[in-house]
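A.B. asks: Pasting in a structure now, in structure tokens, and then I'll have a few things to ask.
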Amino acid sequence: MADLSPAGPGLPTRQLAGNRLSEALLPLELAPRGQLQLSALSRWNAVRGVRVALVALALLFLLIGANLATPVYPMLQQRLGLTAFDTTLLFTVYVFALVPVLAAVGHWSDLLGRRALILTAVVLAAGGDAVFATAHGFGQLAAGRAIQGVAVALSTGAAGAALGDLLPDHQTLAAKLTLACSAGGVALGPIAGAALATGRNPLLTPFLVHALALLALAVPLAVVHPRMPGAPRHPAEPPRITTAFHLKPRRLTLPVQGRRTFLLAAGAGFISYAVFGVYLSLAPAFSARLLHTHAPMAGAVVAALLLGSSAAAQLLVPPTSSRPLIALGVTGLALGLALVVLAQYAHLPALLFAASLLAGTSQGLAFRSLFTTAVAAMNPANRAAEMSTLWVIVYLGSSAPIVGVGALARTYGLLPAVSGFAAVAALACLGLAGAVLRRR
């Protein structure tokens, strides 16, 4: 989206006579505009603000779709005979599809362009909605979740890098938008799913509406002409890509500068997404016992309180470099988890809501501060690859821990399983707070 410097002399260019959508995905889009001469496609030279909005909306919509199914999981359990363990497996299938793809192709947008991957992800996610909406068994549900995971993987590094490219003098704002759209999409997904699941077809309508929204967004993404916001590359410099060899999977890249902050941000993200995953997969069943209701909106509100307060904190509270404040935020997440468990044992619904708000706000403050510092220290030439590495570590938090909680819930019950997870996550938060406070 934000790409794309002219190709060097080593990249062949030619006249493209057709108007096929596939032309927008070719490496030839890296060539200068005058050499491409597209007759209709990619003619819209949008201003920077529009480009930023398109990238942010794409990231937001993709994350909304990835969490749209949270409030309808209880209905799927009743219709298809699924268990709580099956629900956690469905959430983990999404992560298991996301992480390998993100690790393998996270650097592609540094070569092919941001728009190419973002547009592909949007169209692919719409297909995932269609598969999930028409599912008649666990296998088809898993396939839909896997497609959604691949779509988010394609867009995660590309969207974050595109915002960094478009706002080169405002890296803090770029990091804020990346986190706000990611956390905001995760928070809005359950609410949107619950709101759209109240009609005649509660298992079809949410995914159909979301698919149509994605396809509508794909239109401006397809026609906007990619441009690099910085200075053009010198013609003598080598092209970004000349053969398919450049696209082969690479080893995950850790930044040379700011590695300690990078690892702290990755650790905070890992713990945070483990908590988010448990909330998104088990919040409806967990809250139904305490609130004495199986309404889809009840579980969605509980999940959205945690995720929405996190997104609000990331968007509204300025990032801080104060280590005591960051450590306090991580400690607040640990305290919130403890209060969530206490609310169940004490039968206090109000405490569940307050604890979710506390945990989300504390997490948002700490993670955004660490994330912003880590992104600012990244090398612009490898920003997508390094950011993809960060997100790989973060998303791994939504894999094994959630499967473990689901397995424990099947054996010992939901409340003991969540209590054990909360204890382990709280201890990890306290350890991370100590690492933040320790001087270099």
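The values are calculated or read from the model by the stated rules, or taken from the named source; none is laboratory data. Please read all numbers here as calculations on a predicted model, not as lab measurements. Note: ideal-geometry Cβ built from the backbone for every residue, glycine included; neighbour counts use all protein chains shown. Please note that ligands, DNA and RNA were not included when accessible areas were found on the heavy atoms of the full protein model with its side chains. Shrake-Rupley method; radii C 1.70, N 1.55, O 1.52, S 1.80 Å.
A.B. asks: Within the stretch 401-422, count every residue that is touching a residue at least 40 places away in the same chain (Cβ under 8 Å) and either in contact with a strand residue (DSSP E or B) (Cβ under 7 Å, 6 or more places away or on another chain) or small (Gly, Ala, Ser) (or both).
C.D. replies: Residues that pass the stated criteria total 5.
A.B. asks: Of (1) free of Cβ contacts under 8 Å to residues at least 24 places away in the same chain; (2) closer than 26 Å to SER287 by Cα; (3) surrounded by fewer than 20 Cβ atoms within 10 Å (Cβ to Cβ), PRO318 satisfies all except one. Which?
C.D. replies: (2)
A.B. asks: What are the residue pairs meeting all of these: first residue in the stretch 345-373, first residue among the aromatic types (Phe, Trp, Tyr), second residue part of a helix (DSSP H, G or I) and open to solvent by 20 Å² or more (accessible area, probe 1.4 Å), Cβ atoms under 8 Å, and 6 or more apart or on different chains?
C.D. replies: From residues that are among the aromatic types (Phe, Trp, Tyr), the pairs are TYR345/LEU415; PHE353/LEU305.
A.B. asks: With (1) in contact with a Pro (Cβ under 8 Å, 6 or more places away or on another chain); (2) modelled with pLDDT under 50 as the list, and LEU36 as the residue in question, which single condition is left unmet?
C.D. replies: So the condition that LEU36 fails would be (1).
A.B. asks: Does VAL275 satisfy the condition of being within 18 Å of the chain's Cα centre (by Cα), buried (at least 23 other Cβ atoms within 10 Å of the Cβ) and modelled with pLDDT of 75 or more?
C.D. replies: For VAL275, the condition - within 18 Å of the chain's Cα centre (by Cα), buried (at least 23 other Cβ atoms within 10 Å of the Cβ) and modelled with pLDDT of 75 or more - is met.
A.B. asks: Got a sec? Which of THR331, THR372, THR320 is among the hydroxyl-bearing types (Ser, Thr, Tyr) and either modelled with pLDDT of 85 or more or out of contact with any helix residue (DSSP H, G or I) (no Cβ under 7 Å at 6 or more places or on another chain) (or both)?
C.D. replies: THR331
A.B. asks: Let me spell it out: the conditions are (1) within 23 Å of PRO168 (Cβ to Cβ); (2) open to solvent by 10 Å² or more (accessible area, probe 1.4 Å); (3) among the polar types (S, T, N, Q), and SER369 meets all of them except one. Which number is the exception?
C.D. replies: Looking at each condition in turn, SER369 falls short on (2).
A.B. asks: Scan VAL392, VAL424, VAL405 and give me the residue that is at pLDDT 85 or above and buried (at least 20 other Cβ atoms within 10 Å of the Cβ).
C.D. replies: Unique residue meeting the criteria: VAL405.
A.B. asks: Do you know which residues across the stretch 397-415 are under 18 Å from ALA428 (Cβ atoms) and out of contact with any helix residue (DSSP H, G or I) (no Cβ under 6 Å at 6 or more places or on another chain)?
C.D. replies: ALA400, GLY404
A.B. asks: Here is a follow-up. When you check GLY157 against the structure, is it at pLDDT below 85, under 12 Å from the mean Cα position of the chain (by Cα) and open to solvent by less than 30 Å² (accessible area, probe 1.4 Å), yes or no?
C.D. replies: yes
A.B. asks: Is it the case that SER398 is open to solvent by 10 Å² or more (accessible area, probe 1.4 Å), touching a residue at least 24 places away in the same chain (Cβ under 8 Å) and either under 23 Å from VAL340 (Cα atoms) or among the basic types (Lys, Arg) (or both)?
C.D. replies: No, not satisfied.
A.B. asks: Could you please give the count of residues in the stretch 177-205 that are under 26 Å from GLY157 (Cβ atoms), open to solvent by 20 Å² or more (accessible area, probe 1.4 Å) and out of contact with any Pro (no Cβ under 9 Å at 6 or more places or on another chain)?
C.D. replies: 2
A.B. asks: Output the residues belonging to the stretch 135-154 that are assigned to a helix (DSSP H, G or I), over 17 Å from LEU59 (Cα atoms) and open to solvent by 20 Å² or more (accessible area, probe 1.4 Å).
C.D. replies: Across the stretch 135-154, the qualifying residues are PHE138, GLY139, GLN140, ALA143, ALA146.
A.B. asks: Any idea which of LEU214, LEU208, LEU173 is in a helix (DSSP H, G or I) and either buried (at least 19 other Cβ atoms within 10 Å of the Cβ) or charged (D, E, K, R) (or both)?
C.D. replies: LEU214
A.B. asks: Follow-up. Please state which one of LEU111, LEU82, LEU98, LEU102 is over 22 Å from LEU212 (Cβ atoms) and not in a helix (DSSP H, G or I).
C.D. replies: When all the criteria are applied, what remains is LEU82.
A.B. asks: Any idea which of LEU124, LEU212, LEU173, LEU217 is modelled with pLDDT of 90 or more, of a type outside the set (Ser, Thr, Tyr) and under 27 Å from LEU316 (Cα atoms)?
C.D. replies: Every option except LEU217 fails the conditions.
A.B. asks: Would you mind finding the one in LEU291, LEU337, LEU306 that is more than 30 Å from ASP165 (Cα to Cα), modelled with pLDDT of 75 or more and under 21 Å from the mean Cα position of the chain (by Cα)?
C.D. replies: LEU306
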